[in-house]
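So the structure is just underneath, and the comments pick up after that.
The values are calculated or read from the model by the stated rules, or taken from the named source; none is laboratory data. None of these values were measured; they are calculated from a predicted model. Don't worry about glycine lacking a Cβ; one is built from the backbone with ideal geometry, like all the others, and counts go over all protein chains shown.
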Amino acid sequence: MTTDPTKPNMFRDMSSCNTYNYGDALYWDARYVQEAGSFDWYQRYSALRPFVRNYIPTSSRVLMVGCGNALMSEDMVKDGYEDIMNIDISSVAIDMMSKKNEDIPQLKYMKMDVRDMSFFPDDSFDSVIDKGTLDSLMCGTEAPVSATQMLGEVSRLLKPGGIYMLITYGDPKVRMVHLNRPVYCWKTELYIIPRPGFEKPGSCSSSMKSYLEPIPITEDGLLPADFVLEDPDSHFIYVCKKMNHSDLSNLPTYPLSANVL
Ligand SMILES: C[S@@+](CC[C@H](N)C(=O)[O-])C[C@H]1O[C@@H](n2cnc3c(N)ncnc32)[C@H](O)[C@@H]1O
């Protein structure tokens, strides 16, 4: 991962997973001490807005997990969102962001580990947004355990009918096995968008409209065999809706494979 936010690959992914300890609070504290400005991983709100506005009403109580120093929550407030609780494991990020936004009553900040959000009672939120935080945990030690802890907490905190929106570099092969545990009771839709600045080689770029269509996921939790990923560094948006157990009885589950990170 670059530490220079002006470099284009800032949007890309966590391909340096093995080089940096993204699962470690100390890593993030040190990084936020060095980078006092703002930095949005993967995508800015402007690109995500069609998805966010479609699934998350502005009156929703939103939990932003692993907010970092991204502008996402501020941009959402400018767009009409009324109540966003931001949490992060880094006290440096939380101190910085709560000071910066102390005059914005719609934004609240708390230092918290997504693997233990017991501070909040069950069914506390209409929506949980995760841009790059599950990805961080997947880079840490005990990644599958951390993912299960985090997603179990997200499921617990969502009201019935609530939405978990995950923005990640992880394709369905490596994410659906985690998202599709029956205990969460999530019905998942998938969207794929190219990284910012991506230009389709040789021709005019696809219209944004085509990215707004959900991508079917096979019964094995994979992309359709004939699906072509225009940008190999695309970002995946999983929209998981918390259902009643009875509604989910006909949905497939995906077997865990060895290579799920
Ligand atoms: C890749 S950054 C994404 C930041 C921000 N969401 C964005 O879109 O720019 C991952 C964030 O997750 C936070 N994080 C990592 N592990 C965490 C944990 N266990 N609990 C809460 N936050 C965590 C990091 O401190 C960091 O701010």
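Points to keep in mind about this one:
- Residues located in region 121-131, provided they are within 18 Å of Ile163 (Cβ to Cβ) and more than 9 Å from the ligand (Cβ to nearest atom): Asp122, Asp123, Ser124, Phe125, Asp126, Ser127, Val128
- Among the residues of region 30-44, those that are in a helix (DSSP H, G or I) and either surrounded by 13 or more Cβ atoms within 10 Å (Cβ to Cβ) or within 11 Å of the ligand (Cβ to nearest atom) (or both) comprise Ala30, Arg31, Tyr32.
- For region 190-232, the tally of residues that are surrounded by 13 or more Cβ atoms within 10 Å (Cβ to Cβ), in contact with a helix residue (DSSP H, G or I) (Cβ under 8 Å, 6 or more places away or on another chain) and at pLDDT 90 or above stands at 10.
- Matching residues, region 233-257, being modelled with pLDDT under 90 and either under 30 Å from Pro201 (Cα atoms) or part of a loop (DSSP other than H, G, I, E, B) (or both): Asn244, Ser249, Asn250, Leu251, Pro252, Thr253, Tyr254, Pro255, Leu256, Ser257
- Residues located in region 88-107, provided they are crowded, with 22+ Cβ neighbours inside 10 Å and not in a loop (DSSP other than H, G, I, E, B): Asp88, Ala93, Met97, Leu107
- Region 70-90, residues that are near the ligand (Cβ under 9 Å from one of its atoms) and out of contact with any strand residue (DSSP E or B) (no Cβ under 9 Å at 6 or more places or on another chain): Leu71
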